[in-house]
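The values are calculated or read from the model by the stated rules, or taken from the named source; none is laboratory data. Remember, it's a predicted structure, so these values are computed and weren't measured experimentally. In this analysis, Cβ positions are derived from the backbone assuming ideal geometry, glycine residues included, and neighbour counts consider all displayed protein chains. Side chains included, ligands, DNA and RNA excluded: accessible areas come from the protein's heavy atoms. Shrake-Rupley method; radii C 1.70, N 1.55, O 1.52, S 1.80 Å.
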Amino acid sequence: MDLISRMMLCAALAFCGAAVAADNDSIRLSADATKAGATINRHIFGQFAEHLGRGIYEGVWVGPDSKIPNTRGIRNDVVEALRAIKVPNVRWPGGCFADEYHWRNGIGPRDKRPATLNPNWGGVIEPNTFGTHEFMDFVQQIGAEAYLSINVGSGTPAEAADWLEYLTTSQPTGLAKERAANGHADPYRVDLLGIGNESWGCGGSMTPDEYVNHLKVYARYARNYNASHPMRRVAVGPDGPDTGYTEAVMKAWKNKTWAWDIEGLSLHSYTVVKWPPAFKATGFGESEYATMLKSTLNMESLVSKHSAVMDQYDPEKKIALVVDEWGAWLAATPGSPEGFLEQQNSQRDALIAALNLNVFARHSDRVRVANIAQMVNVLQAMIFTRKERMLLTPTYHVFKMYVPFHDATFLPVDFVAGTYKSGDIELPRVDAIAARDTAGKLWLSLTNLDPNLAVSIDVDISGMKVTSAKGLTLAAPRIDSVNTFEAPGTVAPKPFSAKAGKKLIVKLAPASITVVELE
Ligand code: AHR
């Protein structure tokens with residue numbers, strides 16, 4: 001790669017410095033410890049849990065009579081694992097499911113709730129045993145906030161308004177009394193409210209202008225009555241690069257009246273190379289690895305593109321870009337039920353997670369919420385369950401390693417990424433972010449995309465004498481290494497430390513992620 005193309009790649013990726021390193025040299029990373037960027041909102045580490053396959057039933061809900069240890073029907077092992085990654089919010093009940101969900105089916109005595117259908121996901125029976133109270137109990141058990149998606153596609157504004165009143169009012173209305181009779185006298189807190197889901201697709205095939213008409217009505221009537229906790233309303237936004245929804249919603253917001261408002265705009269973008277998803281979750285080679293990483297790095301240009309449109313209408317960045325569905329969407333696990341979206345999770349997917357989180361962190365002035373799809377047993381999951389057993393995926397480990405970045409202050413870093421080449425695909429060889437955590441400690445996350453070569457990072461922080469780096473590294477025997485119930489520890493973080501001699505050098509294994517605190 002010549003100097004000009006390398007500089008262009010740097011510019012496109014927006015995270016390279018001025019000098020250019022030879023491919024196999026160590027990479028110099030510098031930062032000024034006194035410089036501060038935006039806060040990396042902890043809500044970018046959000047999760048998504050849809051009524052889809054075994055995402056809720058078995059994955060979260062086993063019922064109070066189950067032999068699987070549970071608290072009020074919610075499995076304890078999953079709760080404990082999710083508490084450890086400090087999940088900030090959970091988006092529920094969908095996805096496409098949300099636009100066919102009628103909340104009244106999911107309240108009251110569980111044995112009286114109707115069985116309904118889940119036509120989006122395998123056409124299975126939806127027992128409605130996991131409903132509003134069970135979800136709110138679940139988020140409270142894991143210490144997260146609730147992100148509800150209301151039904152715009154097949155519901156009504158009155159249905160949505162009633163759900164919000166049922167959840168949030170402290171006044172003795174009929175709905176509040178019903179909530180109390182169902183076991184919760186105190187109002188709940190709803191932190192985020194999605195007004196529809198993919199209204200350009202499964203949520204109603206609406207044009208941007210049609211959606212905006214619905215948005216104004218729902219944003220008016222789906223009110224939060226819990227004065228002690230404000231609620232952020234999220235409008236449906238773009239599908240990938242198309243800016244139609246971004247333009248329409250932001251323009252409407254700019255010209256809005258007193259009668260409605262929003263606080264966020266959603267973006268959905270999966271790492272999926274072919275449709276229907278054909279890339280394998282295991283047993284893939286380097287070319288598929290590189291193709292998937294290239295595809296995932298598109299998140300940078302997508303976020304930049306939509307942020308630029310948002311800036312035109314909202315230069316003060318009042319409206320958050322909410323990337324509330326992202327992650328790798330791969331060919332389903334052979335033999336898994338149709339429509340259950342079950343896929344294994346490899347070291348490559350761990351890199352995909354880190355690279356996306358880095359993009360969100362770099363755009364933390366605009367991207368203030370994000371939700372990986374999905375939390376348990378579905379798509380790029382944190383956790384797999386098999387009856388009474390539970391397994392943590394490589395992606396889970398990345399989310400755990402990134403906990404120090406929750407609400408940390410972004411610190412710009414300068415480095416020349418170098419190049420990793422596979423066939424005709426050229427990718428940056430490394431990626432890095434830095435931040436100061438809420439206790440004032442300085443953290444680095446370093447990713448080596450090259451699956452063949454280790455790389456040394458020469459760390460130079462002005463304004464701080466760095467003597468050592470301590471943390472965790474996630475590497476694996478192969479790029480397609482996975483954790484299984486038989487071998488749950490194949491991909492697991494290992495302690496990492498480096499001491500500074502004249503300078504601090506951090507050596508990164510091929511295809512690895514390393515998160516260190518600088519001392
Ligand atoms: O996450 C699976 C599905 O992908 C969601 O239900 C939908 O919103 C998206 O198309």
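I'd like to check one number: the per residue accessible area of region 476-519, probe 1.4 Å, reported in Å² as a whole number.
Ligands and nucleic acids excluded, the figure is 50 Å² per residue.
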query = Which whole-number percent gives the relative contact order of region 269-328, counting Cα pairs below 8 Å spaced six or more residues apart?
reply = 57 percent
inquiry  = Between Glu210 and Ser304, what is the label-point separation in nm under the 7 Å Cα-to-beta-carbon projection?
reply    = 3.4 nm
inquiry  = Not counting ligands, DNA or RNA, and with a 1.4 Å probe, what is Met464's accessible surface area in Å² rounded to the nearest 10?
reply    = 60 Å²
key: CD proxy at 222 nm, helix term only [per DSSP H run n ≥ 4: -39500 (n - 2.57); per residue of the chain; nearest 500]   = -8000 deg cm²/dmol
query = On full extension of the chain, what length is gained from Lys112 through Ser456, given 0.36 nm per residue of separation minus the C-alpha to C-alpha distance?
reply = 117.7 nm
Eligible lysines near Lys67 by straight Cα distance, threshold 18 Å, same-chain separation 8 or greater = Lys387
request  = Any chance you could run the full-extension gain for Lys280 through Arg389? It's 0.36 nm times the residue separation minus the Cα-Cα distance, nm to one decimal.
outcome  = 36.8 nm
task = Taking a cut-off of 25 Å between Cα atoms, list the lysines near Lys305, but don't count ones fewer than 8 places away on the same chain.
result = Lys216, Lys251, Lys254, Lys256, Lys274, Lys294, Lys317, Lys318
inquiry  = Could you give each residue of region 295-308 its phi-based ³J(HN,Hα) in whole Hz, using Karplus coefficients 6.51, -1.76, 1.60 with θ = phi - 60°, and x for Gly or Pro?
reply    = 4, 5, 5, 4, 4, 4, 6, 5, 4, 4, 4, 6, 5, 5
request  = Hey, can you find the accessible area per residue of region 21-86 for me, probe 1.4 Å, expressed in square angstrom?
outcome  = 43 Å²
message = Give me the percent of accessible area attributable to carbon and sulfur for the chain, probe 1.4 angstrom.
response = 53 percent
Chymotrypsin sites (Phe, Trp or Tyr not before Pro) within region 421-519: DSSP coil, no more than 12 neighbouring Cβ in 10 Å = Phe485
